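What follows is a short report on a single structure.
What follows is calculated from the coordinates using simple rules that are stated; it is not laboratory data. These figures come from a predicted structure and were not determined experimentally. Reconstructed Cβ throughout: ideal geometry from the backbone, glycine too, with neighbour counts over all protein chains shown.
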Amino acid sequence: MIDETLLESMEKMHKAIEHVQYQFVSVRTGRASPALIERLNVDYYGSPVPLQQLASFQVPEARLLVVKPHDRTAIGAIEKALNASDIGVNPSNDGIVIRLAFPALTEERRKEYVKVVKSIAEDGRVAVRGVRRDARKALETAEKDGDISKDELERAEKDLEKMTHEHVESIDKATTRKEQEVMEV
């Protein structure tokens with residue numbers, strides 16, 4: 001019972017960390033990255049389709065992202081979706097590929113992105129603590145029902161607390177790395 005609860009909690013905490021890192025990828029830094037637009041939905045023949053299914057991406061220079069549609073008839077829809085997105089870059093279309101030239105970020109914009117990174121990290125920490133709270137409730141219920149002893153409960157709570165601390169620390173380290181990446185000129 002204890003091992004199952006702790007294992008399940010660990011898996012959920014890992015998923016929370018993965019989600020935070022997945023969201024960090026969508027935060028713009030000083031250089032071009034396909035991750036900024038690949039999840040963007042494009043209205044393709046009346047249905048929303050992720051851009052990564054419609055085109056391939058290349059980063060020939062640090063601040064240039066090239067989007068090459070697999071189907072040239074989709075170039076207009078892709079350009080429209082890029083214009084409607086909040087990436088802050090105007091696409092340039094030559095009929096074959098779409099080029100996105102990313103300007104250098106201003107200091108003010110970098111600070112805004114750091115705030116976004118901190119917000120994402122805090123959501124991740126809250127998720128990890130929520131997993132801890134749910135696991136604690138399950139353990140306390142098991143102790144009340146007589147499935148585990150008081151000593152086993154205390155030992156399991158210590159393990160749970162250690163696991164929570166490690167996962168929060170992991171989120172903090174990822175946050176620090178992303179902040180440095182955003183503030184890098």
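Where strands (runs of 3 or more DSSP E) sit wholly within region 30-87, none has at least 3 residues that are in contact (Cβ under 8 Å) with a residue 12 or more places away in the chain, of a type in the set (Asp, Glu) and closer than 13 Å to Ile98 by Cα.
Checked against (1) crowded, with 18+ Cβ neighbours inside 10 Å; (2) more than 17 Å from Val182 (Cα to Cα), Ser85 meets all criteria but (1).
In region 156-185, the residues that are under 17 Å from Gln23 (Cβ atoms) reach residues that are in a helix (DSSP H, G or I) and of a type in the set (D, E, K, R) with C-beta atoms within less than 6 angstrom, at least six apart or across chains, in these pairs: Val168/Arg125; Ile171/Arg125; Val182/Arg110. Being out of contact with any Leu (no Cβ under 9 Å at 6 or more places or on another chain) and either surrounded by fewer than 19 Cβ atoms within 10 Å (Cβ to Cβ) or of a type in the set (Val, Ile, Thr) (or both) is a description that does not apply to Glu140. When region 94-120 is filtered for residues that are part of a loop (DSSP other than H, G, I, E, B) and either touching a Pro at 6+ places or on another chain (Cβ under 6 Å) or in contact (Cβ under 8 Å) with a residue 60 or more places away in the chain (or both), the ones remaining, listed by number, are Phe102, Ala104, Leu105.
Criterion applied to Ser47, Ser33, Ser92 was being surrounded by 15 or more Cβ atoms within 10 Å (Cβ to Cβ) and of a type in the set (S, T, N, Q), and the one residue passing it is Ser33.
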